[in-house]
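The structure under discussion appears below in the form of structure tokens.
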Amino acid sequence: MTPAQLRSYQLPTTYMELKAFVKDLAEKCEWLNYEIIGHSVEGREILAVRAMAADLPASDNRLRILLFSQQHGNEQSSKEAALLLMANIANGKHPEWLRNIELWIVPQVNPDASEVNKRRNAQNLDLNRDHIMLESPEVQALHALFHRVMPHVTIDVHEYQPYRPSWAEFGGFKFFDVQVGILTNPNIASNIKNYSYRVALPAIENRLLEAGFSFHNYLIGPAPHQGLTRFSTVDIDDGRQGFGILGGMSFIYEGINGRDNFAHNLERRTISQTLALESLIDVLHNDRRKVKRMVENSRERLIQGRLRRVAIRMDHFRDSNPLLLPLISSRTQRDTLAVVENFHPIVRPTHTIDAPAGYLIPKSDSMLVGLLQRHNIKMTNDFQNLNRVYGYMIIQNRIVVAEAADNAFPLVQRVRITKAVSPLEYFFVPLNQLKSAFIVLTLEPESQVGLAQYRQFQHLFVEGKMFPILRAE
Ligand SMILES: [Zn+2]
């Protein structure tokens, strides 16, 4: 039993209890191992547990899954579900997984924030917006684990807050026990997105409904009268798309938070999240060969530099049908059905470019070089195959697109560079690597998810000057 279970979910598991629980479980159970993958800002251990049959060697034939919880400290059931899942595995509930899957569970990415039930870490960073900048030791530890294990599937577990004033104003609350979101960025392989949408989500939904829980494809955003109702952000700085853009299959889980943002209704929250996780892992286990093949093909394409076109700007578009959204009326507390006309479920590219052979990065910019190093991005001094080099003149900084106001980008003009570029001044970043789509999306100046979005890199965008990163073709 988990620590919270032992006290009937009156309070969530503390950090000290979590540590003791994980270590005890690993000691008693031969198919669970744990390791410390890093430390939080305040020095707490970040633990990862591996579930895999002990008598079998690690093998390339297994489907590898990485589940991580509680990037946001005030989303307690994400941690509790990870712990209950471990307890269930220890109790022998999933013997078939142990032979065919290598499952990694990080139950608590953000222990400092969990202890004080806050969203952000001790640097006041939102960890689920830190997957490009990698400024927090917590997300750095998670990425280091990702690169070591190279999971085919990642599952990022959260909670959403249903009791928002904007929804009360709209007339009803979303009270789904669990919402699950899939990859939506247009640069991600369509077979991975189709499988997630047509096979994985219905499998989770069916199991939850059978057990008396409710489910929805994850709807983000404000209440429908205040903005676009849509399935996803398209950014790549979060845990779902940040790992998904590296060719894998990736999900975000959003369980329902409590009225007090803490322990209210914790038992139901934990059980529904756990069941939703188990049903996804079950369907992935059944289709493990297929899932593995899809992901390996998609990664092979990146590693071999076969990326041709990259969508660097995109937007949400309307479907022809309105969304019929089941809500609980804020007036009568009864089930009601809202018709949402302003529903934008489709993501389409609005600006697509040819992928270059690579980029030239000024060696003198330590911020930029440091960022690429934190991402394990390959940088070379090999300039042999550069045919043409282009730069971008920054005509005007920060054009704001009305529909996506936080995704400003500069107006640029492409310029052919005729003077020789030297390996003394530049690193060459080739595109034949796992991060190739990530590199283009981050380094192209006009990308709506690129460096233009970050205060740390505003020095690259000076009106009337050249953008310091060059494009090699
Ligand atoms: Zn969250």
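Scanning the range 414-436 for residues that are in contact with a Gly (Cβ under 8 Å, 6 or more places away or on another chain), of a type outside the set (S, T, N, Q) and not in a strand (DSSP E or B) gives L431, L434.
Tell me whether the range 116-128 contains one or more residues that are within 13 Å of the ligand (Cβ to nearest atom), touching a strand residue (DSSP E or B) at 6+ places or on another chain (Cβ under 8 Å) and not acidic (D, E). The answer is yes, given that some residue of the range 116-128 is within 13 Å of the ligand (Cβ to nearest atom), touching a strand residue (DSSP E or B) at 6+ places or on another chain (Cβ under 8 Å) and not acidic (D, E).
Elements of the type helices (runs of 4 or more DSSP H) sitting completely within the range 131-223 and holding at least 3 residues that are farther than 23 Å from N286 by Cα and away from the ligand (no atom under 15 Å from the Cβ): these cover 137-149, 165-170.
Only residues that are over 25 Å from the mean Cα position of the chain (by Cα) and surrounded by 19 or more Cβ atoms within 10 Å (Cβ to Cβ) were counted across the range 1-18, and they come to 3. The range 264-376 holds helices (runs of 4 or more DSSP H) entirely within its bounds, and those carrying 3 or more residues that are under 21 Å from I252 (Cβ atoms) map to 266-286, 288-303. Take the residues of the range 63-83 that are within 23 Å of H152 (Cα to Cα) and surrounded by fewer than 24 Cβ atoms within 10 Å (Cβ to Cβ): which is nearest to the ligand (Cβ to nearest atom)? Per the stated criteria, the residue is R64. More than 30 Å from P349 (Cβ to Cβ), assigned to a loop (DSSP other than H, G, I, E, B) and either without any contact (Cβ under 8 Å) to a residue 60 or more places away in the chain or touching a helix residue (DSSP H, G or I) at 6+ places or on another chain (Cβ under 6 Å) (or both) - does that describe any residue in the range 229-244? Looking through the range 229-244, none of the residues is more than 30 Å from P349 (Cβ to Cβ), assigned to a loop (DSSP other than H, G, I, E, B) and either without any contact (Cβ under 8 Å) to a residue 60 or more places away in the chain or touching a helix residue (DSSP H, G or I) at 6+ places or on another chain (Cβ under 6 Å) (or both).
Contact map, the range 109-122: residues that are farther than 15 Å from P137 by Cβ paired with residues that are more than 15 Å from the ligand (Cβ to nearest atom) and of a type in the set (S, T, N, Q), Cβ distance under 6 Å, separation 6+ or inter-chain. No pairs are found.
The residue list L209, L228 contains one member that is among the aliphatic types (A, V, I, L, M), modelled with pLDDT of 95 or more and touching a strand residue (DSSP E or B) at 6+ places or on another chain (Cβ under 9 Å), which is L209. For the range 78-106, which positions are part of a helix (DSSP H, G or I), touching a residue at least 24 places away in the same chain (Cβ under 8 Å) and more than 18 Å from L47 (Cβ to Cβ)? Answer for the range 78-106, where residues must be part of a helix (DSSP H, G or I), touching a residue at least 24 places away in the same chain (Cβ under 8 Å) and more than 18 Å from L47 (Cβ to Cβ): E96, W97, L98, R99, N100.
As a summary of the residue check, V178 satisfies the conditions (1) surrounded by fewer than 16 Cβ atoms within 10 Å (Cβ to Cβ); (2) among the aliphatic types (A, V, I, L, M); (3) at pLDDT 95 or above except for the one numbered (1). Annotation for the range 135-153: at least one member residue is out of contact with any helix residue (DSSP H, G or I) (no Cβ under 9 Å at 6 or more places or on another chain) and β-branched (V, I, T). Identification of strands (runs of 3 or more DSSP E) wholly contained in the range 1-72 with 1 or more residues that are free of Cβ contacts under 8 Å to residues at least 24 places away in the same chain and within 19 Å of L103 (Cα to Cα) yields 32-39. Quick check: anything in the range 89-103 surrounded by 18 or more Cβ atoms within 10 Å (Cβ to Cβ), on the phi < 0 side of the Ramachandran plot and within 16 Å of the ligand (Cβ to nearest atom)? No, because not a single residue in the range 89-103 is surrounded by 18 or more Cβ atoms within 10 Å (Cβ to Cβ), on the phi < 0 side of the Ramachandran plot and within 16 Å of the ligand (Cβ to nearest atom).
On inspection, N128 qualifies as within 19 Å of P151 (Cα to Cα) and in the same structural domain as V22 (by TED's automatic domain parsing).
The values are calculated or read from the model by the stated rules, or taken from the named source; none is laboratory data. What you see is a predicted model, and the numbers here were worked out from it, not measured in a lab. Positions of Cβ are backbone-derived with ideal geometry, glycine not excepted, and every protein chain shown enters the neighbour counts.
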